[in-house]
1. Kindly list the number of the only condition in (1) open to solvent by 10 Å² or more (accessible area, probe 1.4 Å); (2) over 21 Å from R217 (Cβ atoms); (3) among the hydrophobic types (A, V, I, L, M, F, W, C) that fails for L183.
2. List the pairs whose first member sits in segment 226-247 and is in contact (Cβ under 8 Å) with a residue 24 or more places away in the chain and of a type outside the set (F, W, Y), whose second member is assigned to a helix (DSSP H, G or I) and open to solvent by 60 Å² or more (accessible area, probe 1.4 Å), and whose Cβ atoms are under 7 Å apart, counting only residues at least 6 apart or on separate chains?
3. Which of the strands (runs of 3 or more DSSP E) found entirely inside segment 49-109 contain at least 1 residues meeting this: over 17 Å from L183 (Cα atoms)?
4. Going by the conditions given, is F63 on the phi < 0 side of the Ramachandran plot and away from the ligand (no atom under 14 Å from the Cβ)?
5. Can you confirm whether E126 is without any contact (Cβ under 8 Å) to a residue 60 or more places away in the chain and of a type outside the set (A, V, I, L, M)?
6. In this structure, is V287 part of a strand (DSSP E or B) and open to solvent by 10 Å² or more (accessible area, probe 1.4 Å)?
7. Find all pairs meeting these conditions: Cβ atoms under 8 angstrom apart; at least six residues apart or on different chains; first residue within segment 1-21 and over 13 Å from E31 (Cα atoms); second residue within 16 Å of the ligand (Cβ to nearest atom) and among the acidic types (D, E).
8. Quick one: which residue in A127, A87, A91, A163 is modelled with pLDDT under 95 and within 26 Å of E204 (Cβ to Cβ)?
Amino acid sequence: MKYAVLATWKMAEEGTKKAARMLAEGKSSAEAIVEGIAMVEDNPDFHSVGYGGRPNAEGRVFFDGGFMNGDTLHFGAIGSLEGFRSAIRIAASLQDSDANNFLVGEGAERYAAAHGFERRDNVTPEAKQLYEQEKERLKELSAYDGHDTVCFLALDQNGTLCAATSTSGLFMKQPGRVGDTPLPGVGYYADSETGAAAATGMGEEIMKGALSYAAVRFLKDGLSAQEAAEKAVSELNDTLIRRNGYANPMSLIVLSRDGTYGIGTNITFTYCYASDREAAAVHEIVVERK
Ligand code: ASP
């Protein structure tokens, strides 16, 4: 395949179309996936990413995001960042140096401000209302099932693979909580010589298996994208069930360097894919929970 793009959830549909158009025009995978994610971040109808994202336990919206370039293996990431328009643009800009690639909290905010990134209050009236409604009911729960991450993987016409992620994380998360999304190897990984992977679901669970790196290792061992995705998720899922009696939701997208893709998931999951051979479309995998 000349180019391909793979993304998590139906919310990525318009972004996938845009990324595919950019890849067809010869733009880089880095440019295409940052634009694809930024479209999701700007849409208040998507409640787990960007503007209108899920508030934390204090009613404030904080972002996690990461970016990796599969040619250089350089990455950039931000965690627990409040008050800016685009987590992914800030994260991607951090890939250039050899140090300070992953900034969190106040340090990330100071960096974003110093580099002229646009500020934005991401708490919409709808998010505020939801928070007020649910805060009493959710006091006792550690994780509320109202979260998703937008992840994009792309292969461009130069053979470069990149991965990018953005989320507001778990609804009602504790202040300071950082999920899997900005962690290279866990929430995302890209190696242009092999393939790329990215994860969505319960971050604390995904961290237990360094899920994205696990899938890329399986590609390196010669598995197909589908085999690698399935093996990474099913091994971790089965291990967690054996050790703890349950496994929380997790889904993984994998794009190999030839543009073929695979999905591993322990829940019903939607994703978007496009390539020079296939028009952008949303697909669904239905999984009965064990
Ligand atoms: N992985 C994200 C987190 O734990 C949430 C999600 O993708 O559903 O913050």
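The values are calculated or read from the model by the stated rules, or taken from the named source; none is laboratory data. Worth saying up front: this structure is predicted, and the values here are computed from it rather than measured. Here Cβ is always computed from backbone atoms with ideal geometry, including for glycine, and neighbour counts include all displayed protein chains. The area values use the complete protein model at the heavy-atom level, side chains included, leaving out ligands, DNA and RNA. Shrake-Rupley method; radii C 1.70, N 1.55, O 1.52, S 1.80 Å.
1. Looking at each condition in turn, L183 falls short on (2).
2. A247/I241
3. Values: elements: 62-69, 75-82, 102-104.
Passing ranges, in order: 75-82.
4. On the way: on the phi < 0 side of the Ramachandran plot: yes; away from the ligand (no atom under 14 Å from the Cβ): no.
It is false that F63 is on the phi < 0 side of the Ramachandran plot and away from the ligand (no atom under 14 Å from the Cβ).
5. Taking the combined requirement at face value, the residue does not satisfy it.
6. Numbers: part of a strand (DSSP E or B): no; open to solvent by 10 Å² or more (accessible area, probe 1.4 Å): yes.
No, not satisfied.
7. If the second residue must be within 16 Å of the ligand (Cβ to nearest atom) and among the acidic types (D, E), the pairs left are T8/D148; W9/D148; M11/D148.
8. Details: A87 fails: modelled with pLDDT under 95; A91 fails: modelled with pLDDT under 95; A163 fails: modelled with pLDDT under 95.
Result of the check over A127, A87, A91, A163: A127.
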